[in-house]
Each structure stands twice: as structure tokens, then as C-alpha cells.
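Chemist: For reference, the structure I am asking about is given below.
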There are 4 protein chains.
Amino acid sequence: MIVEMRTGATQDEVNGVIERAKALNLEIQLNLGTDKTVVAILGSNTGQLSTDLFGVLPGVEQVVRIMKPYKLASREFKPHNTVVSVNGIEIGGKAIVVMAGPCAVENEQQLMEAARIVKQSGAQILRGGAFKPRTSPFSFQGMEKTGLELLARARERMGLSVVTEVVDPHDVSLVSKYADILQVGARNMQNFALLTKIGKSKRPVILKRGFSCTVTEWLAAADYVLAEGNSQVILCERGIRTFEDSVRFSLDISSIPVIKKFSHLPVIVDPSHAAGHYSLVPAVAKAAIAAGADGLLVEVHPNPKEALVDGLQSLTPSDFARLMKEIKSVAGSVGRSF
Amino acid sequence: MIVEMRTGATQDEVNGVIERAKALNLEIQLNLGTDKTVVAILGSNTGQLSTDLFGVLPGVEQVVRIMKPYKLASREFKPHNTVVSVNGIEIGGKAIVVMAGPCAVENEQQLMEAARIVKQSGAQILRGGAFKPRTSPFSFQGMEKTGLELLARARERMGLSVVTEVVDPHDVSLVSKYADILQVGARNMQNFALLTKIGKSKRPVILKRGFSCTVTEWLAAADYVLAEGNSQVILCERGIRTFEDSVRFSLDISSIPVIKKFSHLPVIVDPSHAAGHYSLVPAVAKAAIAAGADGLLVEVHPNPKEALVDGLQSLTPSDFARLMKEIKSVAGSVGRSF
Amino acid sequence: MIVEMRTGATQDEVNGVIERAKALNLEIQLNLGTDKTVVAILGSNTGQLSTDLFGVLPGVEQVVRIMKPYKLASREFKPHNTVVSVNGIEIGGKAIVVMAGPCAVENEQQLMEAARIVKQSGAQILRGGAFKPRTSPFSFQGMEKTGLELLARARERMGLSVVTEVVDPHDVSLVSKYADILQVGARNMQNFALLTKIGKSKRPVILKRGFSCTVTEWLAAADYVLAEGNSQVILCERGIRTFEDSVRFSLDISSIPVIKKFSHLPVIVDPSHAAGHYSLVPAVAKAAIAAGADGLLVEVHPNPKEALVDGLQSLTPSDFARLMKEIKSVAGSVGRSF
Amino acid sequence: MIVEMRTGATQDEVNGVIERAKALNLEIQLNLGTDKTVVAILGSNTGQLSTDLFGVLPGVEQVVRIMKPYKLASREFKPHNTVVSVNGIEIGGKAIVVMAGPCAVENEQQLMEAARIVKQSGAQILRGGAFKPRTSPFSFQGMEKTGLELLARARERMGLSVVTEVVDPHDVSLVSKYADILQVGARNMQNFALLTKIGKSKRPVILKRGFSCTVTEWLAAADYVLAEGNSQVILCERGIRTFEDSVRFSLDISSIPVIKKFSHLPVIVDPSHAAGHYSLVPAVAKAAIAAGADGLLVEVHPNPKEALVDGLQSLTPSDFARLMKEIKSVAGSVGRSF
């Protein structure tokens, strides 16, 4: 941590900073600049300390953090890539993994039909929401337990693995009975009670990025799961909120190389929620693979025109089949298999 | 809802839109523009319908919502201001209400001293966090139940009402035993499981704005509480995330007149989390009152230099006493009492 | 500047940083942390050096700037407030200054009527655009030279000072003939050719904040004018672009105390462009004064319903007269005269 | 345009809207909803009219634009892709075009060496800044006319076409003497005086997106050039300003399919300014091509460690050569040649 003193700070004020550092068992080094005094605070756990500890002291202008606030998710902590294994499917390895399915489980026929399309197109994992967090309480909130049972049936029938969202910490064990991978939605990225429960469950989890959270906060949120001993975390970029209004969310494409640089965790991309419109999904999906993503989470619906939720961003079966071929081609061009 | 057809849309495509409207029991009106056909979808519940229902149909360019997605929180639904009453203190009436206290309950001495300062300065409600959601799992997470008990003791001793945050839906009844007002933090604004539980509890609640949520989404979140029959919702603006980096969050000052225009709910402001630095808090607090806010939620600490959490944004007792006098003056200048 | 080396950086890499510092005549101080080596680069002009100079060297993880990139606009450079004097009107002193008028000069009758209203309500300076930068080339672009002549006539007749926008560097001398204060619009905040010309002109200037520029960039832009020897710079906050869509721009209320803390320049607020709707202007205007702004730039139109540009954000004469009374009251409450 | 009346608007207020439409020679259609009256305003030029014309009328709640504010840049206006031809190089055709070179022209040796590298790696166009708009007036501002002369010499020697930035409207003819393509920087996207001059020059132009402008505003800015009869406009996405702080700007990858959907103009991507760090440039560049971009504008420097400007985001010659091979591979995977 770098503590910058105000121009004209007194010796007493500088001493105040030094004493606080000592009280916290941290070493310091003093830089007497021509204009300003700067105190460097040294120690391996300064990333977890609040900068306020020094910022509140008299004579301090600002405090800059050098160590990042996340630890377990960092590549410095674990240099080699984490590969999450789900029923033999490796996420974060050489091969691209595609997870696809409807936004919401609506009924048996819709789900089985979706699962058939997903299987046929060569995707490995079925997605489908049973608990749906919605902006308005008057919108459809999902089939809940019945939805989970349908997902389990689809898994059995089609030989697909299943991922579904959990929204309440007290549903973690219930959802874990039915799903191979738990999903934490963007609105819950910093629902720490939920993350801790999932950490204890040891179940693989997709942690979606909060739509206004920085990559640093995202990795710190992953630390909540990792700290409980669950190392099977898959990050999922799904777009951030910006001023641009031609899409639902702006997919942050550079988050992929940033994650690869600073973290060992696998990262996949959800092009559907970002783009918000089926016509934009293929371009965004291909860009994600070219940028180095380890997989995709795509919405596909047997009949988007009849979807109860988010039909506009769902691909039709034929559009999805075409996209799968294109993805194969792009994956090959960047040295990935599919 | 206004459905705009693509230039050159066929009669069949226009008919598709009309048929879907009829299937949903909605009336339509057809506008054959010189360049484009536009179909107006009429009906009082179109605010709660997804625009995707029409957006997915062939030949549709875009769908624009006319009715807002929130209902119970709207001024159209309830024209007169809601006044929330807590032990005789009215929030949303003519008088300004100040809630103050430390970010986190740290120990008995700190809390009692804070409560004394709050009481002495003329504030009416004591704030203090027992459950602290933190970015990193390695930071202090709050005293939890012991913190609640200390809050209850401070309330008794000082004759103050108490507000504290609840983060897990399953803690709502526990926290309700100790607190007069529940608080939903910014990260939980769209934690719908939590909102629903609080709605059922019928306890007054401060709903902080998510730092990347629009005013419209905020009012839709309030609908989750209101829909359960709990009408005692107090909104709290606490800053939004923008590109500006000289403050922690940018306080959205215009959200206050916007809320007053479109909603009947009272709105208070938290200048501390927004500004992130004690030196900026008074200016932002005075601006909030001048803009029409019904009150403030301010962080004050007996000794900010020793605070475990957010010391940098906490006022000292003397700064707080000075601010209270300034607030009184500004409140009077805009016709409010204090 | 603080240069943080990568974990495991070699001695050679550290030496590379030290040598570059020496080549630039900068002193260094070495911090050998337990995890990382950090090199502090010292010298009074490091704020004007690019961090890339060190960021590109092998073994460097990141470079953090300690000195701010602006200099002449900083309070460290000039501790006392700058007061800009225009025909005896002081901007940045104890008194609040209100500049008002129509968005665009439309014709003689409209402008004279507007000037009369402005004068009558007690505002001191008349605003009105002759050159109008518009999003689309098919919109009204202003009356240009004829507009300037009308402004000069209004000034003469009503005894008001005049402020108007200049958009092309080669029009600075022309506009200076007619206007007491030049205005640089938000879109031109970083039009450095224009700023330099205005700097040479020595004419007082209102520098509007770019709607996506940080306070730091804004002050660095002011340096362009100040560096040419023109010290009469008035900053104007007019809202920043955020995700919130209920207003045209989100007024950054905290920029006012931030400017007051870090700069000696006066700062005024334009509530009209920020709010974008007349019904929200008074609340934002009062908030600005309560937060410490030195004045307002307000749109008022004799008949907003007939305005060619931005009628929706213009106040009517009676609304403006009411606001002037309210502003007087709020100004008094924070120790300012009006 | 859709004019939504307030709940309870009177017949007189509705008539006011109808009369204004008639005065503007626009047709209307009236929708009497169960809750609200909505007036649709019809006519082919409503995209160029301000929504304020109706928003200011009494009883109006809000006005929603249906027609987009840009016209000449729209695909509706010109359905087929525009291909810009520069000395036989086609931009917007089947082949990807790469423009590369240093951020700033620094001296003859640096530029010739850069040109050699660019040529050797198979890129077609040399970039290099002679006029450099910089945040601080104390930073290097470019070699100006001497820089232009060096660019012309490099073009001659290497047989490359040249693109360089113009920042002042009065330099357009000067820069046109030396450059094959003019460049408008992000900060000047809405410098309408500059755009108009370039429109009159009939020279091909790269119009960079303002870092806080929407795609809609970008296309409206293109209209300024197109309206003067210059159809050779190449759009360039270079990242937008968001809250994310791990990159300099967030590249808006979805802007590429959005542009392709709504406009006929070619679009290229500048991965260097967006990423801000050489280690992130290749991933972003490959993503751009996979998403459908027509080319790249990349910073490469013979020796980034010695660059005067933006060295951190410049590729070394060997990194650039490797990227060119990877781009070839990705281009092929999406059906483009290179």
C-alpha cells in the first residue's frame, strides 16, 4: 500500500502513519520526495487490508493499493489453469464447451425438445432456469421444484449434464440434488450468503459477473467460494451496463484476456443476455471464442416466438445448429478443439 | 406498447402482431405511416408484459414500452405521498429525518458512545451494521447476533429507534426482533427472495438503490415488498457507479425529483457511501436536502481513525454536530422543518 | 510515480527501471517488499510524465501515478480561490451569479424578451447560443454571426453581460468582439486547438465538463487555457453520461466539493442540460447551490413551447422568477449572498 | 414519434398535440387506450425532428422516437455495403485490411523502421500521428507539418498508403496533401466544424467513435460527412468509457454486428487504444475479426520501450508479425480473406 502525504504534512503526521503500520505488524519504507512524502507499506497481506486504515489519518492525501484484494482466485496464488471436470467434460482445457438451452423451463415438452436440439447440435451441457429472478414481481418467476425435476428427467433421457440457477442460500442443497453445475446469476454475484453456502457444497459453480462489477470484484467474489474449499469455479462474462442502448448489456470482451492474465479460473461467455437480440448473438459468440473464452452459455428455444422469458435473445434450433458449426471453425483458428 | 414494423414488412407479418395481441386479450390500433407500419398495443397491464412477446415476431423492428414496469410504487397508483411512521417519527412528512451511526457495530463502548453522539446532535434514528456484506471474504463480516443485541441495548438506553441491515432471507424474523427498520443494502436491491420475505414481515424497510440500477428498476424492486402488503418502504439513494474516480460512487442527485415525480414513496439519501470521503459528505448531504430528500442516512463514528469499516467516510462527532446545524438551515430554506 | 514489479522480477529488470529514472533525471527509492519490489519515482514534474515510460519496461506489473496530471488548475499551485471579474460581476466570490437565457438565439423579439425576463428576475448575465453544435446535420445549427449581433444589441439595451459558445478555433476573435464570456461546450472540452486559442485571447471563459470526462481530465483541459496566460477560467458542471435513463445526463453533484478541494477555479452548474426536463431543473439548481457552486447557467425562454432547440428543458418566465427566489433562500442558508 | 399523454390529460391537451403535428405537416393517428391516450406522429422526416417539439406541450408525459436520427448512414437509405477504395485497397469488401504503425511520428528513423515492419508483415496501410491531442498541455503534441512530410516520404519509399489524424478544421486541406485517409479522433467525433470540412474535402475518412457516444450518435456524426457529398466514411470502434478499470477503454464488441445491421458503412477496430496494454491487444484484435469487423488499426513500434506516446499499448515487431498470422487464421474461419 502506498500512502501519499499532503504537501506540507508535518513530521508528526508522518509518524502517525508509521505507528499505525507498526501496530498492524507491517513494515514501512519512507520516501521523502521533493514535493511530497510517500510511505510504502509492505507485507504480504496488505491486499486484504482496507486502505481506509491509513486514509483516515491526519495529513494523508490518498492511499493506493498495490496488492489486489483477491487472493485464492489469482494466478499468483495458483499459476496453472484450473480445469473443472463435470461427468468427464473438462471446462478450462483445450476443448471449448457449449452449454445451451432455454432461459426458463416452461413445461416437459419444451424442455425435452430443447434438450434434443442441444444434444443433436453437439453441445455438452443443458441449461434451463427453474428459479427466475425477474425485475417485476408480476412476471413469471419460474417452475421452481417442478422445473428441477424436469431438468433431472432431461438429463437422464438425453445423457446431458445440467446447469441451473440457485437464488436462495437455503435452496443450495435442494438444487444440488438435481443439477451437475450450480449457477449464480449476475444479480447475486455479491450475495455473499449464497456464495458461502455454495462454497461449502463443493459442487461446480458458474459465477456470472455482476453487470456493474469490476473484474477485480468478480475475482474477490470467487474468493468467497474458493475460501470454503470449493475450487470448481467457472467464471461467466455476460455483459456490463454501459450508456450504449442498442444492446441489453455491453459484452466486455477484454475481460477474457484480463481474466486469463490475472486468474487461473476458466471463463465462459453468455452472448445471449449481453446482446439481448438473437440477430447479434452469433457475432458475439464467435468473438468470445476468438478472444480465448473456454466455452459458451447460449439460449436456444424450440420455438422462441412462444417463449415465456427472453424469447428475443433465444436462437432457433436451425440458427443454433449453424452457430455450432461456425464456433467449431473459429475454435480451430485459435488452436482450440471442439 | 408500440410495435414498430420493419420497412417493407408484409401484411402477414403485421397480422402476426395483431393475432398475438388478440391472443393476449389486448386491443390494438394500426398506424400505416408513409415509411413504416406501427402497431399500438393497448391495455392497462402492458407494463407487466415483456416486450419480447412482440419483439420475436417476424417483421418486427423494435418494441417500445409506454407503460412503466412498476405499478404499486407509482404515483399513478397512489397519488398522495406515503408517510412511514416509526415510533412516532414520520418519514416522508414535512420534517427531515436523520439516521446516523457507525458503519459497523464493533463493540459495546463504541456503539453506546456513537448512540450518545447521535442522540445529542438531534438525530432520531441510530444506524449500525451487524451483518456486513464485504467485497472480500477475508474482511471483517460484522458481529452478527451479538451486534443486534447491542443495538437493542443502545435503543433502550438512549430512546432511539434503530435501523440495521438484513442480508439473508432467513434472518428477516431474527433481525425484526431487534430493529425498528430493516435495511436492504445496494447489493441486495434485486435479491427478490429477501424482498419477498421483508414484504411478508410488514416491518418498515429502507430499500437502498443498487449501484447500477435505474430508478425504474428500483421502483420495480419496491413493488416486490409492496406486493406482499407491506407499504412501509423508504427508498435510499446512495450513489451509482460511473466512470468518475474521485469519489466512491456518484450520488445521483436528480433521482430525488425523479422519484418525487413518479412515486409516492419517501426517499432519503446516504451521502457517506456515495462520497466515500468525510470531507465531501457535508456538501452532498446539504445538496440532498435542497433537492427535496426526506432525510439522511449518515455515518458517524466516535473515533473514525479506529473504525474497523469505512472509517474514511465517517464523520467525527464534532463534524457531525456542525453538519446537523447546517442541515437545519438548508431544510428551512426549502420549507422543511427539522 | 510508483512502479510495482512483478512477483519474481529479476535484479536486471529492477535495474532497468532505475536506469530509466536516472535517464529522466528522477530520483528513486527502492522498496523490497516480502512479496514484491516496488520502486518509487520521485520528482516534482512526474505528474506530467506518462506512466507508460515505466509500464513498458520488462518485469513491470503496473505503474501508479501519485502526482496529478494537471498543475496550473490545482490548489497546490495556487492555494487561494480565483475570482473571475466580468464588468464588475465577480464569479467565485461570496455572491452567487446566475446566467440565464434561451438555448439558442432565434430572432430579435425572442432574445429581447428573454433578456428582459433575465434582467427583471435579477440574473446578471445573459446566455444564448449563436453557434449550435447539434447531433444531426439536419437540425437547426444556430444564427451564427447574426445571432452574435443580436446578443450585442441585447447587452446594450438591457445592461447585461453576455456569454455565448464558440465552436471553431478560428471564430475566437469574432466571438470575442460580441461576448463578455466565451463558452466551451461539453463536446469541445478536449478540443485542444480551441482551448489554446481561447487561452491566447485572455477573455473569460466557461469551460463545460465533457459528459464523459473525469474531474481530473477537466482540470487538465483547464491547464490548456491557463498555460497560455489566461487565468479567467470558470468551470461548469453539466451532467455526465451514465446508465440512468430518466434524465438526459446525471448531474455529478459531488464534483462541486471535489473541485473546491483540488482546484482554485470557480465552478458553476448547468441544471438544464443535465436534467433535460423543466420539471426537474429547480431541484437540481437548489442542490447545486447547497453543495457550494458559485453560480448557475439556466435555460429560460419567453415561450418554451415555441423554442427551436431544447424547449423541454427551458423554464418559463414565471417558473424562472420562482426559482430565483428559492435560490436566494438556499444561498443564504449556506452563507452565500445573492 | 409516439406522444404519450398523461393519465387524465384533457381533450384540449390532446388537441394541442394534434395541432402542432398539423402545423409541421405531419399526419397523426390517435390511440385511446384504457389508461392513456397515445398520439402517433407519422411522416418520413420525424427522425430529424426534436422530440421536444411535442414534449413541451401541456399534458404530455413522454415522447418516444421511432425513426432514428441518422439518415444517410442507415441501411434503410442504402441497402448495399459501402466499399471505400484507397489506391486499390478495398475497405468493406471480402478482404480484411490492416492499418498499422506508431501512435506518433517521432523522427525519420523511427517512422521508416515502423513502415518497413508494417510492409513486411503484410499490412496495407501505415498509420502515424503528426498532430497529437493530449490530455495535458505539458505532454508532447506531435511533430505537426514535419511529421506529415515524414509520412509522405514513408509512403513513397515503402509503397504504403497513409492515414493520419486531423484535429483542426483549418488543417484539412494541409493534411489532405500528405495523407490518403484522414482520421477523426474519438475526442473530435462530434466536432461538427471538422466533420463538415472533411465532408467537403471528399477524402476517405476514418471516423473514430467518441468514447462516450452511442452507436446512434456515431452514425448521426457520419451523416455530417455524408451530407457534404463525401461517401467514403470508415467507422472505427476504439472502446467506450465504462466503470471497468483493468483496461483503458472497454471495447464494445457488439457495436460491430449492430453497425452491420443498421448501417452500410465499413467498420474497423482499434484494439490498441481500447486495451491500453500490449498483452491484451491480440485477443481483442482476433475477437474483432471474428465479430465481423472489416479491418484493424493497430499500434506497432520498432521499440515500444522508447516510444514517446502510448508505448504500453504498442506491439513489438515480432508480436505484430505473430498477430498478423493469427488474424489470417481467424479471418479465414469466418469466411474473410486476408
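The values are calculated or read from the model by the stated rules, or taken from the named source; none is laboratory data. Please read all numbers here as calculations on a predicted model, not as lab measurements. FYI the Cβ positions are ideal-geometry reconstructions off the backbone, even for glycines, and counts take in every protein chain you see.
Chemist: Would you mind stating whether residue C:32 is closer than 24 Å to residue A:30 by Cβ, within 14 Å of chain D (Cβ to nearest Cβ) and out of contact with any Ser or Thr (no Cβ under 6 Å at 6 or more places or on another chain)?
Modeler: No; evaluated as a whole, the condition is false for this residue.
Chemist: Looking at residue B:297, is it in contact (Cβ under 8 Å) with a residue 12 or more places away in the chain, among the aliphatic types (A, V, I, L, M) and closer than 28 Å to residue A:20 by Cβ?
Modeler: Taking the combined requirement at face value, the residue does not satisfy it.
Chemist: Do we find that residue B:85 is within 12 Å of chain A (Cβ to nearest Cβ), farther than 21 Å from residue D:40 by Cβ and of a type in the set (Ser, Thr, Tyr) in this structure?
Modeler: When the stated conditions are applied, residue B:85 does not pass them.
Chemist: Residues of region D:51-71 being in a loop (DSSP other than H, G, I, E, B), within 29 Å of the chain's Cα centre (by Cα) and aliphatic (A, V, I, L, M), which ones?
Modeler: Residues satisfying the conditions are D:66, D:67.
Chemist: Please find, among B:167, B:215, B:225, B:172, the residue that is of a type outside the set (D, E, K, R), in contact with a strand residue (DSSP E or B) (Cβ under 9 Å, 6 or more places away or on another chain) and under 21 Å from residue C:243 (Cβ atoms).
Modeler: Exactly one of B:167, B:215, B:225, B:172 is of a type outside the set (D, E, K, R), in contact with a strand residue (DSSP E or B) (Cβ under 9 Å, 6 or more places away or on another chain) and under 21 Å from residue C:243 (Cβ atoms), namely B:215.
Chemist: Now for a separate question. Is at least one residue of region A:141-164 more than 25 Å from residue A:88 (Cα to Cα), within 14 Å of chain B (Cβ to nearest Cβ), in contact (Cβ under 8 Å) with a residue 40 or more places away in the chain and not in a helix (DSSP H, G or I)?
Modeler: There is no residue in region A:141-164 that is more than 25 Å from residue A:88 (Cα to Cα), within 14 Å of chain B (Cβ to nearest Cβ), in contact (Cβ under 8 Å) with a residue 40 or more places away in the chain and not in a helix (DSSP H, G or I).
Chemist: A further question follows. Out of C:68, C:94, I need the residue that is within 14 Å of chain D (Cβ to nearest Cβ) and among the charged types (D, E, K, R). Which one?
Modeler: From the options C:68, C:94, the qualifying one is C:68.
Chemist: Yes or no: residue D:182 touching a Leu at 6+ places or on another chain (Cβ under 8 Å) and either within 21 Å of residue C:190 (Cβ to Cβ) or within 13 Å of chain C (Cβ to nearest Cβ) (or both)?
Modeler: Spelling it out, it is not the case that residue D:182 is touching a Leu at 6+ places or on another chain (Cβ under 8 Å) and either within 21 Å of residue C:190 (Cβ to Cβ) or within 13 Å of chain C (Cβ to nearest Cβ) (or both).
Chemist: Among the residues of region D:242-256, write down those that are surrounded by fewer than 24 Cβ atoms within 10 Å (Cβ to Cβ) and more than 7 Å from chain A (Cβ to nearest Cβ).
Modeler: D:248, D:249
Chemist: Picking from C:19, C:13, which residue would you name as being outside any strand (DSSP E or B), touching a Leu at 6+ places or on another chain (Cβ under 8 Å) and modelled with pLDDT of 85 or more?
Modeler: Result: C:13 is the single residue among C:19, C:13 that is outside any strand (DSSP E or B), touching a Leu at 6+ places or on another chain (Cβ under 8 Å) and modelled with pLDDT of 85 or more.
Chemist: Considering each of B:174, B:151, B:182, B:194 in turn, give the residue that is touching a Lys or Arg at 6+ places or on another chain (Cβ under 7 Å) and either surrounded by 23 or more Cβ atoms within 10 Å (Cβ to Cβ) or farther than 22 Å from residue A:214 by Cα (or both).
Modeler: Unique residue meeting the criteria: B:182.
Chemist: What's the number of the condition residue B:167 fails, among (1) in a helix (DSSP H, G or I); (2) under 22 Å from the mean Cα position of the chain (by Cα)?
Modeler: Failed condition: (1).
Chemist: When residues of region C:120-132 are filtered for being touching a residue at least 40 places away in the same chain (Cβ under 8 Å) and closer than 10 Å to residue C:101 by Cα, how many remain?
Modeler: 4
Chemist: Where in region C:233-332 are there strands (runs of 3 or more DSSP E), lying wholly inside it, with at least 2 residues that are closer than 27 Å to residue B:328 by Cα?
Modeler: C:267-269, C:295-299
Chemist: Can you tell me which residue among B:39, B:17, B:3 is touching a residue at least 60 places away in the same chain (Cβ under 8 Å), more than 7 Å from every other protein chain (Cβ to nearest Cβ) and either within 17 Å of residue D:35 (Cα to Cα) or surrounded by 14 or more Cβ atoms within 10 Å (Cβ to Cβ) (or both)?
Modeler: It is B:3.
Chemist: For region C:292-338, which residues satisfy the criterion of being of a type in the set (Gly, Ala, Ser) and farther than 27 Å from residue C:260 by Cα?
Modeler: C:307, C:311, C:314, C:318, C:321
Chemist: How many residues, within region C:185-198, are assigned to a loop (DSSP other than H, G, I, E, B) and farther than 16 Å from residue D:186 by Cβ?
Modeler: The qualifying residues number 1.
Chemist: Of the conditions (1) within 25 Å of residue C:218 (Cβ to Cβ); (2) facing chain C (nearest Cβ under 8 Å); (3) surrounded by fewer than 24 Cβ atoms within 10 Å (Cβ to Cβ), residue B:280 fails just one. Which one is it?
Modeler: Only one criterion is unmet by residue B:280, namely (3).
Chemist: So which pairs qualify, if the first residue must be in region A:42-59 and at the interface with chain B (Cβ under 9 Å from one of its Cβ atoms) and among the hydroxyl-bearing types (Ser, Thr, Tyr), the second must be buried (at least 18 other Cβ atoms within 10 Å of the Cβ) and in a helix (DSSP H, G or I), the Cβ gap must be under 9 Å, and the two must be at least 6 apart or on different chains?
Modeler: Note: pairs meeting the criteria are A:50/B:311; A:50/B:312; A:51/B:312.
Chemist: When region B:284-311 is examined, which residues are found to be within 21 Å of residue C:255 (Cβ to Cβ), crowded, with 24+ Cβ neighbours inside 10 Å and within 14 Å of chain C (Cβ to nearest Cβ)?
Modeler: B:284, B:285, B:286, B:287, B:288, B:289, B:290, B:291, B:293, B:296
Chemist: Do we find a residue being touching a Pro at 6+ places or on another chain (Cβ under 7 Å), buried (at least 24 other Cβ atoms within 10 Å of the Cβ) and in the same structural domain as residue D:97 (by TED's automatic domain parsing) anywhere in region D:202-220?
Modeler: yes
Chemist: Could you list all residues from region A:226-240 that are crowded, with 22+ Cβ neighbours inside 10 Å and either touching a Ser or Thr at 6+ places or on another chain (Cβ under 7 Å) or facing another protein chain (nearest Cβ under 8 Å) (or both)?
Modeler: Of everything in region A:226-240, those that are crowded, with 22+ Cβ neighbours inside 10 Å and either touching a Ser or Thr at 6+ places or on another chain (Cβ under 7 Å) or facing another protein chain (nearest Cβ under 8 Å) (or both) turn out to be A:237, A:239, A:240.
Chemist: In addition: Tell me, yes or no, whether region A:26-36 has at least one residue that is among the hydroxyl-bearing types (Ser, Thr, Tyr), outside the structural domain of residue A:320 (by TED's automatic domain parsing), surrounded by fewer than 18 Cβ atoms within 10 Å (Cβ to Cβ) and within 25 Å of residue A:216 (Cβ to Cβ).
Modeler: Scanning region A:26-36, I find no residue that is among the hydroxyl-bearing types (Ser, Thr, Tyr), outside the structural domain of residue A:320 (by TED's automatic domain parsing), surrounded by fewer than 18 Cβ atoms within 10 Å (Cβ to Cβ) and within 25 Å of residue A:216 (Cβ to Cβ), so the answer is no.
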